[in-house]
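Worksheet: the structure to be examined is printed underneath.
The values are calculated or read from the model by the stated rules, or taken from the named source; none is laboratory data. Every value quoted in this text rests on a predicted model; they were computed, and no experiment measured them. Here the Cβ is made from the backbone with ideal geometry for all residues, glycine too, and neighbour counts use every protein chain on show. All accessible areas refer to the heavy atoms of the entire protein, side chains included, with ligands and DNA or RNA removed. Shrake-Rupley method; radii C 1.70, N 1.55, O 1.52, S 1.80 Å.
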Amino acid sequence: MNLATIKQQWFSNIRGDVLAGMTVALALIPEAIAFSIIAGVDPMVGLYASFCIAVVIAFTGGRPGMISGATGAMALLMVTLVADHGLEYLFAATILTGIIQLIMGALKLGRLITFLPQTVIIGFVNALAILIFMAQLPHFEGQSWMMYAMVAGTLAIIYLLPRLTTAVPAPLIAIIIMTIITISFGLELKTVGDMGNITQSLPTFHLPNIDVSFHTFMTVLPYSITLAIIGMTETLLTSTIVDEMTETKSDKNREIKGQGIANVATGFFGGMAGCAMIGQSVINVKSGGNGRLSALVAGVFLLFLIMILGDVVTQIPMAALVGVMFMVSIGTFDWQSLRDLWRMPRSDALVMILTVAVVVSTHDLSKGVIAGVIVSALIFGWKMAKIKATNSYQDDVKVYTISGQLFFGTMSHFIDLFEVKADPEVVTIDFSHSHVWDHSAVTAIAKVIAKYQKAGKTVHIIGLNEESQSIVNQIGLSSTGH
């Protein structure tokens with residue numbers, strides 16, 4: 001990384017990154033606590049994770065402006081491990097998760113994001129927006145009209161303040177104003193302190209207190225592999241969204257390796273495994289943050305809030321943070337996709353709706369993405385599995401001109417295209433408009449040749465492109481036609 005790049009990624013937007021990072025830090029606290037509760041661990045485990053990951057990823061990540069920390073998707077995967085084996089095993093699993101992600105990055109698996117259809121990505125984004133919205137609804141249970149009024153007030157500030165000034169992020173001002181109102185008037189509202197106990201102590205280096213053995217390794221490994229894959233998937237999707245929001249490119253493989261280093265670090269400092277956070281990343285970008293400094297400030301200011309302003313932080317009304325998350329939900333949802341739904345092909349609309357439905361019903365982003373990819377692949381395979389032949393004669397030679405892809409999905413239909421008994425003594429099969437993909441395709445050609453030879457007729461194969469000819473030569477037609 002040259003000096004110009006360092007300056008651009010770190011110091012080109014100092015004021016915007018600092019203010020955005022502070023806003024993100026405030027929004028990180030209730031989520032980190034909530035995710036810790038989901039995982040069945042002390043709230044400080046999630047807070048330490050968000051601090052460590054945000055700080056480390058600021059230096060090691062490949063997507064400036066993206067925020068990473070403890071997430072719900074990762075927390076859900078930890079429940080069984082913590083319940084069955086305890087917290088120390090979670091720390092070990094977090095470290096191993098990071099090591100696996102380092103290997104994934106070294107293998108350049110970041111390219112996998114290019115295999116995700118746009119409809120799956122849009123479905124993922126919309127589902128996430130719905131989940132963020134739904135996650136705020138429990139905060140209204142048992143609350144008075146004041147809760148609704150405070151949320152409305154927060155949203156009013158967020159959307160109206162930018163018309164007057166954009167000097168300071170509107171969400172940050174909204175949180176500060178609502179906190180002052182709550183404390184000044186002694187309003188009885190649910191606060192951050194009601195979410196969980198915040199201990200004013202620094203994270204310390206800690207080796208997981210586990211039995212170092214092959215059995216322990218095999219106990220932790222399945223959880224770590226799952227965490228690494230889910231973390232990578234969510235990070236790649238989030239980085240793609242931030243790329244589009246900022247109209248800049250990111251280094252996906254560096255980001256995966258950066259996540260790995262961050263998870264290894266957080267595992268040694270009492271935190272749980274995490275990944276990119278789309279909600280916080282949207283807050284960051286919309287608040288004016290787009291550089292590495294924003295993630296660093298978010299992590300450092302989070303620790304500052306815990307250590308120095310812990311008593312004040314616990315008095316922040318959840319109504320203010322709920323309002324901010326409503327803004328994130330509204331801003332994250334791709335409203336254009338609703339208008340495009342009726343114009344896009346039915347298969348694409350099905351994939352998008354299926355992705356949203358699976359994610360919302362299971363609260364698991366990975367299941368929705370996997371379902372969307374599988375259905376997209378099946379639809380693509382179905383569309384590709386069409387092959388036909390047009391017949392013509394050149395003197396006494398019948399020419400079959402093949403159109404379409406020849407692979408395992410079209411093998412049987414390809415064989416049925418030929419009229420062996422009725423054809424003349426010499427037949428030519430022209431592949432100028434086709435492509436031979438796999439062993440099944442070569443086998444199909446060999447079977448057709450064998451049928452003609454059995455009938456005492458001659459077959460000429462022409463028009464194979466370079467790749468098709470290569471695979472035919474590699475496998476051979478004589479060894480596959482039996």
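Results, tabulated for the structure shown:
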| quantity | calculated |
| --- | --- |
| Odd one out for Met272, checked against (1) under 18 Å from the mean Cα position of the chain (by Cα); (2) crowded, with 24+ Cβ neighbours inside 10 Å | (1) |
| Criterion: touching a Gly at 6+ places or on another chain (Cβ under 8 Å) and of a type in the set (Phe, Trp, Tyr) - qualifying residue of Phe124, Phe133, Phe115 | Phe124 |
| Out of Pro138, Pro169, sole residue that is within 19 Å of Met327 (Cβ to Cβ) and open to solvent by less than 40 Å² (accessible area, probe 1.4 Å) | Pro169 |
| Given (1) part of a strand (DSSP E or B); (2) free of Cβ contacts under 8 Å to residues at least 12 places away in the same chain, index of the condition Leu378 fails | (1) |
| Hey, Leu354 open to solvent by 50 Å² or more (accessible area, probe 1.4 Å), in a helix (DSSP H, G or I) and under 14 Å from Pro117 (Cβ atoms) or not | yes |
| Residue tally, condition farther than 30 Å from Val82 by Cβ and surrounded by 23 or more Cβ atoms within 10 Å (Cβ to Cβ), over region 92-121 | 2 |
| Lone qualifier among Asp311, Asp348 - being part of a helix (DSSP H, G or I), among the acidic types (Asp, Glu) and in contact (Cβ under 8 Å) with a residue 60 or more places away in the chain | Asp348 |
| Tally, over region 286-317, of residues that are open to solvent by 30 Å² or more (accessible area, probe 1.4 Å) and among the aliphatic types (A, V, I, L, M) | 6 |
| Condition check for Ala73: assigned to a helix (DSSP H, G or I), over 22 Å from Phe214 (Cα atoms) and open to solvent by less than 60 Å² (accessible area, probe 1.4 Å) | yes |
| Any hit, region 148-157, residues being in a loop (DSSP other than H, G, I, E, B), surrounded by fewer than 21 Cβ atoms within 10 Å (Cβ to Cβ), out of contact with any Ser or Thr (no Cβ under 6 Å at 6 or more places or on another chain) and modelled with pLDDT of 85 or more | no |
| Val448 vs. criteria within 30 Å of Ile130 (Cβ to Cβ), in contact (Cβ under 8 Å) with a residue 12 or more places away in the chain, touching a Phe, Trp or Tyr at 6+ places or on another chain (Cβ under 8 Å) and not small (Gly, Ala, Ser) | no |
| Check on Ile175, modelled with pLDDT under 90, in contact with a Leu (Cβ under 7 Å, 6 or more places away or on another chain) and either open to solvent by less than 20 Å² (accessible area, probe 1.4 Å) or among the charged types (D, E, K, R) (or both) | yes |
| Top-ranked residue in region 227-269 [being of a type in the set (S, T, N, Q) and open to solvent by 10 Å² or more (accessible area, probe 1.4 Å); ranked as farthest from Ala27 (Cα to Cα)] | Asn253 |
| Selection from region 19-64 of residues that are open to solvent by 20 Å² or more (accessible area, probe 1.4 Å), in contact with a Ser or Thr (Cβ under 9 Å, 6 or more places away or on another chain) and not in a helix (DSSP H, G or I) | Asp42 |
